[in-house]
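The structure appears below as C-alpha coordinates.
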Amino acid sequence: MREVAIVGAGVSGLTCGVVFAEEGYRATIFAEETGQRTTSAAAGAIWYPYDAEPADKVIAWSLDTYALLTDLAENPASGVSTIELRCFARAGDIAIPRWAHSLGARPLATNQMAIVVPGAAEDSRVGPNRSFTSGFAIDVPLTDTTTYLDYLANRFTRAGGLINGGIRFEQLEQVNSAYHVILNCSGIGARTLASDAELEPHRGQVAIVPKLDLPYAIVCNDPPLMYAIPRTNDCVFGGTNDISDDREPLAAETAAIVTECARVLGIAPPEQVAARVGLRPFRGSGIRVERARLNDGRTVIHNYGHGGAGFTTSWGCAQEVLQLSNKIAAAG
Ligand SMILES: Cc1cc2nc3c(=O)[nH]c(=O)nc-3n(C[C@H](O)[C@H](O)[C@H](O)COP(=O)(O)OP(=O)(O)OC[C@H]3O[C@@H](n4cnc5c(N)ncnc54)[C@H](O)[C@@H]3O)c2cc1C
(Lines give C-alpha, C1' and ligand atoms only; values in the text may rest on other atoms or scores of the structure.)
Protein backbone atom coordinates (compact mmCIF):
# COMPACT_ATOMS: atom_id res chain seq x y z
CA MET A 1 0.00 0.00 0.00
CA ARG A 2 1.22 3.51 -0.81
CA GLU A 3 2.06 5.43 2.33
CA VAL A 4 2.67 9.11 3.09
CA ALA A 5 3.49 11.16 6.15
CA ILE A 6 1.99 14.63 6.16
CA VAL A 7 3.57 17.33 8.31
CA GLY A 8 0.97 19.92 9.27
CA ALA A 9 -2.67 19.87 10.33
CA GLY A 10 -3.83 23.23 9.02
CA VAL A 11 -6.06 23.49 5.96
CA SER A 12 -3.18 22.45 3.65
CA GLY A 13 -2.29 19.29 5.58
CA LEU A 14 -5.90 18.27 6.23
CA THR A 15 -6.98 18.80 2.61
CA CYS A 16 -3.99 16.78 1.37
CA GLY A 17 -4.90 14.17 3.98
CA VAL A 18 -8.44 13.84 2.62
CA VAL A 19 -7.28 13.75 -1.01
CA PHE A 20 -4.60 11.12 -0.34
CA ALA A 21 -6.64 8.92 2.03
CA GLU A 22 -9.61 8.89 -0.36
CA GLU A 23 -7.24 7.96 -3.20
CA GLY A 24 -6.27 4.86 -1.20
CA TYR A 25 -3.02 6.02 0.39
CA ARG A 26 -2.29 5.16 3.98
CA ALA A 27 -1.78 8.70 5.26
CA THR A 28 -0.64 9.91 8.66
CA ILE A 29 -0.57 13.52 9.77
CA PHE A 30 2.04 14.72 12.27
CA ALA A 31 1.74 18.25 13.60
CA GLU A 32 2.72 20.41 16.50
CA GLU A 33 -0.65 22.18 16.56
CA THR A 34 -4.01 20.86 15.46
CA GLY A 35 -7.53 22.24 15.07
CA GLN A 36 -8.31 25.63 16.56
CA ARG A 37 -4.66 26.25 17.52
CA THR A 38 -3.47 26.53 13.90
CA THR A 39 -3.16 29.66 11.76
CA SER A 40 -5.89 28.16 9.60
CA ALA A 41 -8.34 28.43 12.49
CA ALA A 42 -7.79 32.19 12.76
CA ALA A 43 -8.72 32.83 9.13
CA GLY A 44 -11.87 34.51 7.89
CA ALA A 45 -11.58 31.74 5.32
CA ILE A 46 -13.63 33.23 2.56
CA TRP A 47 -12.75 32.24 -1.01
CA TYR A 48 -10.72 35.07 -2.52
CA PRO A 49 -7.24 35.08 -4.11
CA TYR A 50 -5.39 37.50 -1.77
CA ASP A 51 -1.75 37.97 -0.75
CA ALA A 52 -0.36 34.95 -2.60
CA GLU A 53 1.83 34.50 -5.65
CA PRO A 54 2.26 33.81 -8.55
CA ALA A 55 -1.00 35.24 -9.87
CA ASP A 56 -1.55 32.84 -12.80
CA LYS A 57 -1.06 29.66 -10.75
CA VAL A 58 -2.97 31.06 -7.79
CA ILE A 59 -5.97 31.79 -10.01
CA ALA A 60 -5.88 28.29 -11.51
CA TRP A 61 -5.65 26.60 -8.08
CA SER A 62 -8.32 28.97 -6.76
CA LEU A 63 -10.80 28.22 -9.54
CA ASP A 64 -10.34 24.45 -9.01
CA THR A 65 -10.95 25.00 -5.31
CA TYR A 66 -13.98 27.19 -6.00
CA ALA A 67 -15.66 24.29 -7.83
CA LEU A 68 -14.93 21.79 -5.05
CA LEU A 69 -16.01 24.09 -2.24
CA THR A 70 -19.19 24.97 -4.11
CA ASP A 71 -20.02 21.25 -4.22
CA LEU A 72 -19.24 20.96 -0.50
CA ALA A 73 -21.67 23.79 0.23
CA GLU A 74 -24.46 21.31 -0.66
CA ASN A 75 -23.64 19.60 2.65
CA PRO A 76 -24.32 22.01 5.54
CA ALA A 77 -22.38 19.73 7.94
CA SER A 78 -19.18 20.63 6.09
CA GLY A 79 -19.21 24.21 7.38
CA VAL A 80 -19.06 25.47 3.79
CA SER A 81 -21.71 27.79 2.42
CA THR A 82 -22.05 30.20 -0.47
CA ILE A 83 -22.22 33.89 0.30
CA GLU A 84 -22.28 37.14 -1.61
CA LEU A 85 -18.97 38.94 -1.16
CA ARG A 86 -18.96 42.70 -1.68
CA CYS A 87 -15.50 44.11 -2.45
CA PHE A 88 -15.14 47.85 -2.01
CA ALA A 89 -12.71 50.74 -2.58
CA ARG A 90 -12.60 53.75 -0.29
CA ALA A 91 -11.48 56.03 -3.14
CA GLY A 92 -11.80 55.90 -6.90
CA ASP A 93 -13.07 53.02 -9.00
CA ILE A 94 -12.44 49.38 -8.12
CA ALA A 95 -11.56 47.18 -11.09
CA ILE A 96 -13.33 43.84 -11.34
CA PRO A 97 -10.51 41.26 -11.70
CA ARG A 98 -10.53 39.40 -15.02
CA TRP A 99 -11.00 35.98 -13.36
CA ALA A 100 -14.07 37.26 -11.50
CA HIS A 101 -16.14 37.84 -14.64
CA SER A 102 -16.55 34.11 -15.28
CA LEU A 103 -17.86 33.77 -11.70
CA GLY A 104 -20.59 36.32 -12.29
CA ALA A 105 -19.00 39.39 -10.69
CA ARG A 106 -21.18 42.48 -11.02
CA PRO A 107 -20.62 46.18 -10.22
CA LEU A 108 -22.45 47.63 -7.21
CA ALA A 109 -24.67 50.67 -7.62
CA THR A 110 -24.03 53.99 -5.89
CA ASN A 111 -26.86 53.35 -3.42
CA GLN A 112 -25.07 50.15 -2.32
CA MET A 113 -21.96 52.02 -1.04
CA ALA A 114 -23.45 52.47 2.44
CA ILE A 115 -24.03 49.31 4.48
CA VAL A 116 -27.21 48.72 6.44
CA VAL A 117 -27.27 45.82 8.88
CA PRO A 118 -30.93 44.72 8.85
CA GLY A 119 -30.98 42.93 12.19
CA ALA A 120 -29.03 45.51 14.20
CA ALA A 121 -31.01 46.68 17.21
CA GLU A 122 -32.46 50.16 16.65
CA ASP A 123 -30.46 51.58 19.57
CA SER A 124 -27.17 50.20 18.21
CA ARG A 125 -27.73 51.58 14.71
CA VAL A 126 -25.69 54.74 14.28
CA GLY A 127 -25.25 54.67 10.47
CA PRO A 128 -25.42 54.20 7.68
CA ASN A 129 -22.04 55.59 6.62
CA ARG A 130 -21.18 56.06 3.02
CA SER A 131 -17.68 54.61 3.38
CA PHE A 132 -16.95 53.48 -0.14
CA THR A 133 -16.77 54.99 -3.61
CA SER A 134 -17.11 51.83 -5.72
CA GLY A 135 -17.49 48.10 -5.42
CA PHE A 136 -18.41 44.82 -7.01
CA ALA A 137 -20.19 41.69 -5.81
CA ILE A 138 -19.41 38.05 -6.43
CA ASP A 139 -20.85 34.83 -4.97
CA VAL A 140 -18.12 32.79 -3.30
CA PRO A 141 -17.69 29.83 -0.94
CA LEU A 142 -17.19 30.64 2.75
CA THR A 143 -15.68 28.06 5.06
CA ASP A 144 -16.57 28.47 8.72
CA THR A 145 -13.31 27.34 10.33
CA THR A 146 -15.07 26.43 13.58
CA THR A 147 -16.73 23.58 11.67
CA TYR A 148 -14.72 23.06 8.49
CA LEU A 149 -11.39 22.03 10.05
CA ASP A 150 -13.18 19.36 12.11
CA TYR A 151 -15.10 18.28 9.01
CA LEU A 152 -11.83 17.77 7.12
CA ALA A 153 -10.24 15.95 10.08
CA ASN A 154 -13.26 13.63 10.44
CA ARG A 155 -13.42 12.97 6.72
CA PHE A 156 -9.69 12.15 6.78
CA THR A 157 -9.95 9.71 9.69
CA ARG A 158 -13.08 8.09 8.19
CA ALA A 159 -10.99 7.38 5.08
CA GLY A 160 -8.42 5.62 7.29
CA GLY A 161 -6.09 8.54 8.08
CA LEU A 162 -4.40 9.07 11.43
CA ILE A 163 -3.66 12.39 13.11
CA ASN A 164 -0.81 12.73 15.63
CA GLY A 165 -0.78 16.15 17.29
CA GLY A 166 1.76 17.65 19.70
CA ILE A 167 4.75 16.55 17.59
CA ARG A 168 7.30 19.17 16.65
CA PHE A 169 10.08 18.40 14.19
CA GLU A 170 13.29 20.42 13.94
CA GLN A 171 13.88 18.94 10.49
CA LEU A 172 11.86 16.77 8.11
CA GLU A 173 14.47 13.98 8.32
CA GLN A 174 13.10 13.33 11.85
CA VAL A 175 9.88 11.92 10.36
CA ASN A 176 9.80 8.15 10.98
CA SER A 177 11.99 6.44 8.37
CA ALA A 178 9.16 3.99 7.59
CA TYR A 179 7.67 6.77 5.43
CA HIS A 180 9.38 7.14 2.06
CA VAL A 181 7.27 10.10 0.94
CA ILE A 182 6.63 13.14 3.12
CA LEU A 183 4.24 16.00 2.35
CA ASN A 184 5.44 19.26 3.85
CA CYS A 185 2.32 21.27 4.72
CA SER A 186 3.84 23.18 7.61
CA GLY A 187 2.78 26.74 6.72
CA ILE A 188 5.13 29.30 8.25
CA GLY A 189 6.93 26.36 9.92
CA ALA A 190 8.53 25.66 6.53
CA ARG A 191 10.94 28.50 7.24
CA THR A 192 12.71 26.01 9.51
CA LEU A 193 11.65 22.68 8.05
CA ALA A 194 12.53 23.58 4.44
CA SER A 195 15.19 26.17 5.42
CA ASP A 196 13.19 28.64 3.35
CA ALA A 197 14.30 32.16 4.21
CA GLU A 198 11.87 33.52 1.63
CA LEU A 199 8.83 32.82 3.80
CA GLU A 200 7.42 35.90 5.52
CA PRO A 201 4.95 35.83 8.41
CA HIS A 202 2.14 38.12 7.28
CA ARG A 203 0.52 38.43 10.67
CA GLY A 204 -3.23 38.80 10.67
CA GLN A 205 -5.42 39.64 13.64
CA VAL A 206 -9.19 39.36 13.68
CA ALA A 207 -11.94 40.10 16.19
CA ILE A 208 -14.74 37.59 16.65
CA VAL A 209 -17.97 39.39 17.55
CA PRO A 210 -21.52 38.15 18.16
CA LYS A 211 -23.61 37.09 15.18
CA LEU A 212 -24.84 39.94 12.96
CA ASP A 213 -27.68 39.73 10.50
CA LEU A 214 -25.43 40.81 7.65
CA PRO A 215 -26.67 39.27 4.38
CA TYR A 216 -23.28 39.43 2.65
CA ALA A 217 -19.57 39.58 3.47
CA ILE A 218 -17.64 42.83 3.03
CA VAL A 219 -13.98 43.33 2.14
CA CYS A 220 -12.05 46.53 1.57
CA ASN A 221 -8.35 46.01 0.81
CA ASP A 222 -7.51 49.74 0.86
CA PRO A 223 -5.77 50.71 4.10
CA PRO A 224 -6.96 50.16 6.74
CA LEU A 225 -7.71 46.59 5.62
CA MET A 226 -11.33 45.97 6.64
CA TYR A 227 -13.60 42.95 6.42
CA ALA A 228 -16.75 41.67 8.03
CA ILE A 229 -17.64 38.03 7.46
CA PRO A 230 -20.90 36.75 8.95
CA ARG A 231 -20.73 33.07 10.00
CA THR A 232 -23.28 30.65 11.43
CA ASN A 233 -22.76 31.58 15.09
CA ASP A 234 -20.64 34.74 15.02
CA CYS A 235 -19.03 37.32 12.76
CA VAL A 236 -15.35 37.82 11.90
CA PHE A 237 -14.15 41.43 11.88
CA GLY A 238 -10.77 42.13 10.31
CA GLY A 239 -8.12 42.90 10.00
CA THR A 240 -4.41 43.44 9.81
CA ASN A 241 -1.53 42.34 7.61
CA ASP A 242 1.94 43.16 8.98
CA ILE A 243 5.25 41.32 8.91
CA SER A 244 5.58 39.93 12.43
CA ASP A 245 5.95 36.61 14.27
CA ASP A 246 3.92 37.77 17.25
CA ARG A 247 0.98 35.39 17.75
CA GLU A 248 -0.42 37.25 20.74
CA PRO A 249 -3.46 39.46 20.02
CA LEU A 250 -2.83 43.16 20.63
CA ALA A 251 -5.64 44.98 22.44
CA ALA A 252 -5.05 48.21 20.49
CA GLU A 253 -5.43 46.34 17.19
CA THR A 254 -8.63 44.65 18.32
CA ALA A 255 -10.05 48.05 19.27
CA ALA A 256 -9.03 49.57 15.91
CA ILE A 257 -10.55 46.67 13.96
CA VAL A 258 -13.83 46.78 15.86
CA THR A 259 -14.06 50.57 15.61
CA GLU A 260 -13.52 50.64 11.84
CA CYS A 261 -15.87 47.72 11.13
CA ALA A 262 -18.58 49.21 13.34
CA ARG A 263 -18.15 52.57 11.61
CA VAL A 264 -18.51 51.00 8.16
CA LEU A 265 -21.50 48.91 9.24
CA GLY A 266 -23.15 51.86 10.92
CA ILE A 267 -23.57 50.07 14.26
CA ALA A 268 -22.31 50.65 17.79
CA PRO A 269 -19.09 48.66 18.48
CA PRO A 270 -20.08 45.21 19.84
CA GLU A 271 -19.09 44.58 23.43
CA GLN A 272 -18.29 40.85 23.50
CA VAL A 273 -15.18 40.40 21.45
CA ALA A 274 -12.56 37.68 21.17
CA ALA A 275 -9.33 38.16 19.23
CA ARG A 276 -7.40 35.66 17.09
CA VAL A 277 -4.02 35.87 15.39
CA GLY A 278 -2.50 33.79 12.59
CA LEU A 279 0.64 34.03 10.49
CA ARG A 280 -0.12 33.97 6.76
CA PRO A 281 2.77 32.03 5.22
CA PHE A 282 3.68 34.40 2.37
CA ARG A 283 6.40 33.46 -0.12
CA GLY A 284 7.47 36.12 -2.64
CA SER A 285 8.34 33.69 -5.44
CA GLY A 286 5.06 31.91 -4.93
CA ILE A 287 3.29 29.00 -3.31
CA ARG A 288 5.66 26.05 -3.35
CA VAL A 289 4.10 22.85 -4.69
CA GLU A 290 7.17 20.94 -5.67
CA ARG A 291 9.00 17.67 -5.28
CA ALA A 292 12.44 17.68 -3.64
CA ARG A 293 14.80 15.33 -1.80
CA LEU A 294 15.60 15.27 1.89
CA ASN A 295 19.23 14.90 3.04
CA ASP A 296 18.55 11.22 3.74
CA GLY A 297 17.41 10.62 0.14
CA ARG A 298 13.66 10.42 0.86
CA THR A 299 11.14 12.28 -1.27
CA VAL A 300 9.41 15.36 0.05
CA ILE A 301 6.57 17.14 -1.72
CA HIS A 302 6.32 20.69 -0.49
CA ASN A 303 2.94 22.39 -0.21
CA TYR A 304 3.41 25.67 1.63
CA GLY A 305 3.57 29.43 1.16
CA HIS A 306 -0.16 30.01 0.60
CA GLY A 307 -0.09 33.50 2.16
CA GLY A 308 -3.60 34.91 2.50
CA ALA A 309 -5.16 32.31 0.21
CA GLY A 310 -4.66 28.96 1.93
CA PHE A 311 -8.36 28.07 1.90
CA THR A 312 -8.88 29.60 -1.54
CA THR A 313 -6.20 27.39 -3.14
CA SER A 314 -6.44 24.35 -0.82
CA TRP A 315 -8.10 21.74 -3.06
CA GLY A 316 -6.30 22.83 -6.23
CA CYS A 317 -2.91 22.56 -4.51
CA ALA A 318 -3.75 19.23 -2.83
CA GLN A 319 -4.73 17.72 -6.18
CA GLU A 320 -1.45 18.85 -7.71
CA VAL A 321 0.44 17.30 -4.78
CA LEU A 322 -1.45 14.05 -5.42
CA GLN A 323 -0.51 14.13 -9.11
CA LEU A 324 3.16 14.58 -8.18
CA SER A 325 2.95 11.66 -5.76
CA ASN A 326 1.15 9.41 -8.25
CA LYS A 327 3.90 10.14 -10.79
CA ILE A 328 6.53 9.05 -8.26
CA ALA A 329 4.56 5.86 -7.50
CA ALA A 330 4.12 5.11 -11.23
CA ALA A 331 7.86 5.55 -11.82
CA GLY A 332 8.37 2.84 -9.18
C1 LIG B 1 -6.40 36.71 9.90
C2 LIG B 1 -6.30 35.79 8.70
C3 LIG B 1 -7.31 35.79 7.77
C4 LIG B 1 -7.23 34.94 6.66
N5 LIG B 1 -8.27 34.91 5.79
C6 LIG B 1 -8.22 34.06 4.73
C7 LIG B 1 -9.32 33.97 3.84
O8 LIG B 1 -10.33 34.66 3.99
N9 LIG B 1 -9.23 33.08 2.81
C10 LIG B 1 -8.12 32.30 2.61
O11 LIG B 1 -8.09 31.52 1.65
N12 LIG B 1 -7.07 32.37 3.47
C13 LIG B 1 -7.10 33.22 4.50
N14 LIG B 1 -6.03 33.31 5.34
C15 LIG B 1 -4.80 32.56 5.03
C16 LIG B 1 -4.89 31.13 5.51
O17 LIG B 1 -5.30 31.11 6.84
C18 LIG B 1 -3.51 30.46 5.36
O19 LIG B 1 -3.05 30.58 4.04
C20 LIG B 1 -3.64 28.99 5.71
O21 LIG B 1 -4.21 28.85 6.99
C22 LIG B 1 -2.31 28.27 5.66
O23 LIG B 1 -2.61 26.95 6.01
P24 LIG B 1 -1.49 25.89 6.25
O25 LIG B 1 -2.18 24.60 6.54
O26 LIG B 1 -0.53 25.92 5.11
O27 LIG B 1 -0.71 26.43 7.53
P28 LIG B 1 -1.16 26.40 9.08
O29 LIG B 1 -2.59 26.56 9.27
O30 LIG B 1 -0.24 27.38 9.74
O31 LIG B 1 -0.77 24.95 9.53
C32 LIG B 1 0.59 24.57 9.64
C33 LIG B 1 0.65 23.25 10.36
O34 LIG B 1 2.02 22.79 10.38
C35 LIG B 1 2.40 22.49 11.71
N36 LIG B 1 3.82 22.75 11.87
C37 LIG B 1 4.51 23.85 11.54
N38 LIG B 1 5.82 23.70 11.86
C39 LIG B 1 5.94 22.44 12.40
C40 LIG B 1 7.03 21.70 12.93
N41 LIG B 1 8.27 22.21 12.97
N42 LIG B 1 6.80 20.44 13.40
C43 LIG B 1 5.55 19.92 13.37
N44 LIG B 1 4.47 20.60 12.89
C45 LIG B 1 4.67 21.85 12.41
C46 LIG B 1 1.55 23.44 12.54
O47 LIG B 1 1.50 23.02 13.90
C48 LIG B 1 0.20 23.31 11.81
O49 LIG B 1 -0.43 22.12 12.17
C50 LIG B 1 -6.08 34.12 6.48
C51 LIG B 1 -5.07 34.12 7.43
C52 LIG B 1 -5.17 34.95 8.53
C53 LIG B 1 -4.07 34.93 9.55
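The values are calculated or read from the model by the stated rules, or taken from the named source; none is laboratory data. This structure is a prediction, so every number in the text was calculated from the model and none was measured. Quick reminder, even Gly has a Cβ in these numbers, built from the backbone with ideal geometry, and neighbours come from all protein chains shown. The accessibility values were calculated without ligands, DNA or RNA, using every heavy atom of the protein model including side chains. Shrake-Rupley method; radii C 1.70, N 1.55, O 1.52, S 1.80 Å.
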Revision key, fill the gap. The long-range amide H neighbours of ARG231, using H built 1.01 Å from N in the peptide plane and a cut-off of under 5 Å, are LEU212, VAL236
Point to revise | Crossing angle, helix 251-265 versus the chain [Cα axis fit, 0-90 degrees, rounded to tens] | key: 50
Review point. So what does GLU173 come to for accessible area, using a 1.4 Å probe and Å² rounded to 10?
Key: 50
Revision key, fill the gap. Surrounding charge for ALA21, neighbours by C-beta under 12 angstrom, Lys/Arg +1, Asp/Glu -1, total +1
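Quick check: with the 1.4 Å probe, what order do LEU324, LEU72 take by accessible area, largest first?
LEU324, LEU72
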**Study point:** With DNA, RNA and ligands ignored, accessible area of ARG26 (1.4 Å probe; Å², nearest 10)
**Key:** 120
Check your understanding: Between SER102 and GLN272, what is the label-to-label distance in nm when each label sits 7 Å out along the Cα-to-Cβ direction?
Key -> 4.3
**Study point:** Residue of THR110, THR34, THR312 that the Gaussian network model of the chain assigns the largest fluctuation, springs spanning Cα pairs under 10 Å
**Key:** THR110
Exercise for review: Using a 1.4 angstrom probe on the protein heavy atoms only, line up ARG2, ARG280 by accessible area, largest first.
Suggested key: ARG2, ARG280
Review point. Which value at 222 nm does the chain reach when only helices count, each DSSP H run of 4 or more adding -39,500 (n - 2.57), with the total divided by all residues and rounded to the nearest 500 deg cm²/dmol?
Key: -8000 deg cm²/dmol
**Study point:** Note, ³J(HN,Hα) from phi for the stretch 69-74, Karplus 6.51, -1.76, 1.60, rounded to Hz, x at Gly and Pro
**Key:** 5, 5, 5, 5, 4, 5
Point to revise | Heavy atoms of TYR48: accessible area, 1.4 Å probe, square angstrom to 10 | key: 40
Review point. Taking K and R as +1 and D and E as -1, what net charge do the other residues with C-beta under 14 Å from the C-beta of ASP64 add up to?
Key: -2
Exercise for review: When a/c is below 1.5 the answer is rounded, else prolate if a/b is larger than b/c, else oblate, so apply that to the stretch 1-80 with a ≥ b ≥ c taken from the square roots of the Cα gyration tensor eigenvalues.
Suggested key: rounded
Review point. Each residue of the stretch 182-197 in turn: what ³J(HN,Hα) in whole Hz from Karplus with 6.51, -1.76, 1.60 and θ = phi - 60°, glycine and Pro shown as x?
Key: 10, 9, 9, 10, 9, x, 5, x, 5, 4, 8, 5, 10, 6, 9, 6
Study note, to complete from the structure: Here, ASP246 and THR110, labelled 7 Å along Cα→Cβ, have an inter-label distance in nm of 4.3
Check your understanding: How high is the relative contact order of the chain, given as a whole-number percent (alpha carbon pairs under 8 Å, six or more residues apart)?
Key -> 27
Revision key, fill the gap. Spelling it out for GLU3: with amide H atoms placed in the peptide plane at 1.01 Å from N, the residues 5 or more places away or on another chain with amide H under 5 Å from its amide H are ARG26
Practice item. Compute the distance in nm between two label points, each set 7 Å from the Cα along the Cα-to-Cβ direction, one at ALA91 and one at GLU32. Key: 4.1
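How long is the gain from ALA255 to LYS327 if the chain were fully straight, where each residue apart is worth 0.36 nm and the alpha carbon distance is subtracted?
20.9 nm
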**Study point:** Debye equation applied to the C-alpha atoms of the chain, log10 I(q)/I(0) at 0.13 Å⁻¹
**Key:** -0.94
**Study point:** Largest to smallest accessible area among GLU74, GLU198 [probe 1.4 Å]
**Key:** GLU74, GLU198
Revision key, fill the gap. Shape descriptor, the stretch 107-222: equivalent ellipsoid semi-axes (Cα gyration tensor, sqrt 5λ, whole Å, largest first) stand at 43, 19, 14
